[in-house]
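Comments concern the structure below.
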Amino acid sequence: MDLDRNLIPFTNPGAMWINHFSRFGPFWPFRELSGIQAVGCIIGTKNHILTGGLLRWRVLVDGEEQTPGFPRRDYYPWVVVETTLFGPVSVSAHTYFVGPDQIKTNFIVSGQAAADIRIEFESPWDPVRPIPGLPRHPWPPEVYRIDTEPVGELNVAKSGGRTEVSTDFEVFFFYGPPDYPGFKGLQKGDRSEAHWIAETEPWTFRSESEFSQSFHRHIGFGFDNKRAAANLEAGKTAESGNEAERFQRAYANVQSLETDAIKERLRRHAIGGLMLTVSKGHGGFWGDKRITLANRYHIVGQWYWDTAVTMLGLREFAPEIARESALALLENLADNGAGPLTLTDVTRHGEGQGPLLAYGIWMLHQKAPDIDFLRQTYPLLVKNNGYWFNHRAAASGLCKWANAAQSGGDNDARFEPCGTTDLAGNVDLFGAEHVDLNSYLVIQMRCLSKIAADIGLEAEAKAWGWKADHHGRKIVERMWFPEYAMFFDVNELTCEPFTMHKTPASFLPIWAGVPLSGDQKKRIIENHLLNPNEFFGSYPFPSLSYDDPLYNPHSYWRGRIWPHIVYWMIEILWQNGYEKEAVHTANRLIEIFQTTPYIHECYPSDGYDPHMGLPEYNWSLAVLLEMLLERYKEPRHW
């Protein structure tokens, strides 16, 4: 079995190909058409689709244009290989990224015809063709704008055997800055430019009766014409012959699963997919760091908790990228210590998400130790931890989210009293102390204790350990309801349950290691987590219990399953003696990952959904790799 071919079919803007940390990339939505097809660019928090046609070639034999056959196209992480028959002539095009925003296509033209052969190029071709199969956000267009066509008018100039194309567009932000605090960078309504330069000079030769000829063409992209031209020229001196080696080296860094062909294919998909989520700064908020994008369409920036989870997968084969991703966030803390909710090279806004970056850094350190990195990040992590207790603490000392976007839970049913509905999320929150946030803070302080000890700060290590234990006890005192065998968010004034909706957040105190007796943990796990009427169904651990009146299997945080949440639930089961159930759930999630060509952000909890979560999502790829490697079976490191 060839485990490299078609691991990721780049037929969807959400799986757009951005190798070499590029900010521009193509995808192939038209199966029946030959050529390098649509292209998008990453800026702000969205992939802006520039055109439906990037570069097309046609073949003339003795001056007569040949009708192309149906193209054969194979997708590898490092090259896309397309072969099309044009009458008596076969054209095989091997398209590589040979550098950031630099594409080289090596052509092999072969056949049997004694004739004049001419290959002509066109860019752009059919630039207004609608793009099929765009990923749809689970909420309707009136909630989030969805582009279905290229962003604007293209300006095309041809000279000297090449074509220069430019367009301008409004930069899109997933949330509506500056609506959220801590906003810096491009303002809503600001415009940007995108440029590309393609070699389009025809290639001609007189063929013998049996022939094979080779040549190549280049495309350079940039946010201005000068950079596009420079990338075009740089690509001409770059070699494409070693592109596969970079991916093979990454594969070799991670334990092989060759004895199971399906799992080995998924392992390579996870590694290749994660490598292709990586972009690089151009001197803005990212500096020159390499960061992992949440996705390559619609939410293409860094999300705070997404990055922390993704570090677990990156540590297996690219720990240096995991470090740069974390550092980009920590170097952009607000004066009050808040991290960014989202960070792109041109924007920084919001006040953080789940405070899990210390967890990501500490887990990274277990596989790829780096004391200097711990020393560099420790004071920044301490500053971020202070934000929650200085600015988001209730009178009880427990903490509360500022808004649903900060929680990452968008339209979570727990937030209904604050105005959240099935189709409206990310509202401001008030009146509650939140069980998931406080569980994350316990984990963060335990990790800070471990980090402080490793860098020789013994007194601080003991203090963080005490704080984590104290906070864990407070969660049990205020949020544990033994009559329901459940943790709930609580009203900050009355300490009554804020709502009675059961979600995976209720189990996170166990994951954090708060002081519950073995019998209490057994009750919550067996009565709820393993209850098939609540969470342990065919699609394990939905974001709202199956028996809740508001449960909707297709709604974002009201029924879909989220791979990273499922992974944490698997860890709870394994760490508490439910090993059979943990393995069953891990295998079930791996089966779900196999139901589509892509690894998605989230999944419906009742089967296929045409509005599936965004494809090739960073934390899902990371979780897939960690499950395949059975990291959930390892002893707890914090």
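The values are calculated or read from the model by the stated rules, or taken from the named source; none is laboratory data. What you see is a predicted model, and the numbers here were worked out from it, not measured in a lab. For neighbour counting, all protein chains shown are included, and Cβ atoms are generated from backbone atoms with ideal geometry for every residue, glycine included. With ligands, DNA and RNA removed, areas are computed over all heavy atoms of the protein, side chains included. Shrake-Rupley method; radii C 1.70, N 1.55, O 1.52, S 1.80 Å.
Exactly one residue out of A308, A238 is small (G, A, S) and modelled with pLDDT under 95: that is A238.
The residues in the stretch 467-487 that are in contact with a Pro (Cβ under 9 Å, 6 or more places away or on another chain) and surrounded by fewer than 22 Cβ atoms within 10 Å (Cβ to Cβ) can be counted, and the count is 7. If you go through the stretch 288-304 one residue at a time, do you hit one that is open to solvent by less than 10 Å² (accessible area, probe 1.4 Å) and in a helix (DSSP H, G or I)? Yes, there is a match, as at least one residue in the stretch 288-304 is open to solvent by less than 10 Å² (accessible area, probe 1.4 Å) and in a helix (DSSP H, G or I).
Please determine whether any residue of the stretch 416-437 is of a type in the set (S, T, Y) and in contact with a strand residue (DSSP E or B) (Cβ under 9 Å, 6 or more places away or on another chain). The answer is no; no qualifying residue exists. If L493 meets every condition in (1) touching a residue at least 24 places away in the same chain (Cβ under 8 Å); (2) in a helix (DSSP H, G or I); (3) surrounded by fewer than 15 Cβ atoms within 10 Å (Cβ to Cβ); (4) not hydroxyl-bearing (S, T, Y) apart from one, which number is that one? Just one mismatch for L493, condition (2). None of F86, F107, F121 is touching a Leu at 6+ places or on another chain (Cβ under 8 Å), of a type in the set (F, W, Y) and either farther than 26 Å from H298 by Cα or surrounded by fewer than 17 Cβ atoms within 10 Å (Cβ to Cβ) (or both) except F121.
Quick one: which of N411, N426 is at positive phi and surrounded by 16 or more Cβ atoms within 10 Å (Cβ to Cβ)?
N426
All conditions in (1) at pLDDT below 95; (2) of a type in the set (S, T, Y); (3) under 19 Å from E331 (Cβ atoms) hold for T377, with the sole exception of (1). Of all the residues in the stretch 414-433, those that are in contact with a Ser or Thr (Cβ under 7 Å, 6 or more places away or on another chain) and either part of a loop (DSSP other than H, G, I, E, B) or over 18 Å from E351 (Cβ atoms) (or both) number 5.
Listed here are the residues, each with its yes/no results for (1) outside any helix (DSSP H, G or I); (2) open to solvent by less than 50 Å² (accessible area, probe 1.4 Å); (3) β-branched (V, I, T).
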{"residue": "P509", "(1), (2), (3)": "no, yes, no"}
{"residue": "K522", "(1), (2), (3)": "no, no, no"}
{"residue": "I525", "(1), (2), (3)": "no, yes, yes"}
{"residue": "P532", "(1), (2), (3)": "yes, no, no"}
{"residue": "R558", "(1), (2), (3)": "yes, yes, no"}
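If only residues of the stretch 239-287 that are in a loop (DSSP other than H, G, I, E, B) and of a type in the set (V, I, T) are counted, the one that is nearest to Y617 (Cα to Cα) is T277. Within the stretch 179-199, residues that are charged (D, E, K, R) have Cβ atoms under 8 Å from residues that are assigned to a loop (DSSP other than H, G, I, E, B) and surrounded by fewer than 16 Cβ atoms within 10 Å (Cβ to Cβ) in these pairs: K188/G176; K188/P178; E193/D224; E199/G161, counting only partners at least 6 apart in sequence or on another chain. Restricted to the stretch 193-208, and to residues there that are of a type in the set (D, E, K, R) and open to solvent by 50 Å² or more (accessible area, probe 1.4 Å), the residue that is nearest to the chain's Cα centre (by Cα) is E193.
For the stretch 430-455, filtering for residues that are open to solvent by 20 Å² or more (accessible area, probe 1.4 Å) and of a type in the set (A, V, I, L, M) leaves 2. Residues being assigned to a strand (DSSP E or B), under 21 Å from H20 (Cβ atoms), in contact (Cβ under 8 Å) with a residue 40 or more places away in the chain and open to solvent by less than 10 Å² (accessible area, probe 1.4 Å) are represented in the stretch 55-71 by at least one member.
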